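Participant: Structure provided below as structure tokens; questions to follow.
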Amino acid sequence: MNPGRGKKREGFWADAGKRLKRNKAAMLGLMMVILFILVAMLAPLLAPYQPEQIDLFSVLTPPSREHWLGTDYYGRDLLSRIIYGTRISLAVGLTVQLISLTIGTLLGSLAGYYGGKVDLVIMRIVDIVLSFPSLLLIIAIMVALGPSIFNVFLALGLVSWTRTARIMRSEFIVTRERDYVKAARAIGNNHFRIMFKHILPNCLAPLIIIFTMGIANAIMMEASLSFLGLGAQEPTPSWGSIINNGLQYLRTAPWYSLFPGLAIAYTVLGFNLLGDGLRDALDPKMKDV
């Protein structure tokens, strides 16, 4: 073990935090993400109506004092459905990234640490997955499993781990030859302890960036699947399905598809701004910038 490693790591994270605070775009993204999370957590308090509440006397009502964002073809309040839709998007983003990072980190760590045949087999699996267009592969999995929000978690998680695996492989290849790793190996630590106690904590920076930016991508993919009818099913208030349902009323009720589309754009922009800021803050080359 390197006796100064903890102090250096603390200094690195402190410097990264200062660089992040100086990045105005990243701070804007952070505020947008915090607002998104708060809306998801406080949805029952913020939504003026229940998202499944049908009012056939208010079908396709334009934005008004009673329904700020209008209603859909069942008379359901769009604002309430969009607010509850944040829960679906947040759940998809977090769950998919947890699945993706778990698979990618495990396989990438094994490939980078052991090398040789282990690396060859794992990287060939990565190449096979990457040889298919990701959206088409996800659609194929969804068609095979059937449309449901749980299957969305599974399909997106099983397809999106490859980038994490390749990055973690590179990190482990570089880190496994450092002095503190050799010292840990010399005093008799087993491979599991070396990989996940000594090497992995020093590879957290790229994982944080992948996790943050991957949430935006997962939200976009879930919206795409729901738009195609392969994601969350009615009456679940998914942003993608709301947009799809509103397409046939685009000329007469443009608010139907407009507002959930803006919600997706807002959320993806917030996570991307924060992810870009984290990438710059955690990049050692930016230390003196």
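Participant: Which condition does Phe132 not pass, out of (1) assigned to a helix (DSSP H, G or I); (2) loosely packed, with under 14 Cβ neighbours inside 10 Å, if it passes all the others?
Facilitator: (1)
Participant: Of the residues Met168, Met142, which single one is assigned to a helix (DSSP H, G or I), of a type outside the set (D, E, K, R), in contact (Cβ under 8 Å) with a residue 60 or more places away in the chain and farther than 30 Å from Trp239 by Cβ?
Facilitator: Just a single option satisfies the conditions, and that option is Met168.
Participant: Does Thr61 satisfy the criteria of being on the phi < 0 side of the Ramachandran plot and assigned to a helix (DSSP H, G or I)? Reasoning before the result, please.
Facilitator: Details: on the phi < 0 side of the Ramachandran plot: yes; assigned to a helix (DSSP H, G or I): no.
No.
Listed here are the residues, each with its yes/no results for (1) within 30 Å of Asn272 (Cβ to Cβ); (2) under 29 Å from the mean Cα position of the chain (by Cα); (3) at pLDDT 95 or above.
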{"site": "Phe12", "(1), (2), (3)": "yes, yes, no"}
{"site": "Ala40", "(1), (2), (3)": "yes, yes, yes"}
{"site": "Phe57", "(1), (2), (3)": "no, no, no"}
{"site": "Leu60", "(1), (2), (3)": "no, no, no"}
{"site": "Tyr74", "(1), (2), (3)": "no, no, no"}
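Participant: Right, another one. Every residue in the stretch 92-115 that is surrounded by fewer than 18 Cβ atoms within 10 Å (Cβ to Cβ) and in a helix (DSSP H, G or I), please.
Facilitator: Within the stretch 92-115, Leu94, Leu98, Thr102, Ile103, Leu106, Tyr114 qualify.
Participant: Does the stretch 169-192 include one or more residues that are within 30 Å of Ala265 (Cα to Cα), of a type outside the set (Gly, Ala, Ser) and in contact with a Gly (Cβ under 6 Å, 6 or more places away or on another chain)?
Facilitator: Here is the first cut: in the stretch 169-192, the ones within 30 Å of Ala265 (Cα to Cα) are none.
No - not one qualifying residue is present in the stretch 169-192.
Participant: Would the stretch 239-252 turn up any residue that is in contact (Cβ under 8 Å) with a residue 60 or more places away in the chain and in contact with a Pro (Cβ under 7 Å, 6 or more places away or on another chain)?
Facilitator: Initially, the stretch 239-252 is screened for residues in contact (Cβ under 8 Å) with a residue 60 or more places away in the chain, giving 239, 242, 245-246, 249, 252.
From what is left, the residues that are in contact with a Pro (Cβ under 7 Å, 6 or more places away or on another chain) are 239, 242.
Looking through the stretch 239-252, at least one residue is in contact (Cβ under 8 Å) with a residue 60 or more places away in the chain and in contact with a Pro (Cβ under 7 Å, 6 or more places away or on another chain).
Participant: Do we find that Ile139 is more than 16 Å from the chain's Cα centre (by Cα), farther than 23 Å from Pro206 by Cβ and either surrounded by 15 or more Cβ atoms within 10 Å (Cβ to Cβ) or not hydroxyl-bearing (Ser, Thr, Tyr) (or both) in this structure?
Facilitator: On the way: more than 16 Å from the chain's Cα centre (by Cα): yes; farther than 23 Å from Pro206 by Cβ: yes; either surrounded by 15 or more Cβ atoms within 10 Å (Cβ to Cβ) or not hydroxyl-bearing (Ser, Thr, Tyr) (or both): yes.
When the stated conditions are applied, Ile139 passes them.
Participant: Continuing with the same structure: Please determine, by comparing only the residues of the stretch 14-31 that are aliphatic (A, V, I, L, M) and surrounded by fewer than 18 Cβ atoms within 10 Å (Cβ to Cβ), which one is farthest from the chain's Cα centre (by Cα).
Facilitator: The selected residue is Ala14.
The values are calculated or read from the model by the stated rules, or taken from the named source; none is laboratory data. Computed from a prediction, not measured in an experiment: that's the story for all the values here. Reconstructed Cβ throughout: ideal geometry from the backbone, glycine too, with neighbour counts over all protein chains shown.
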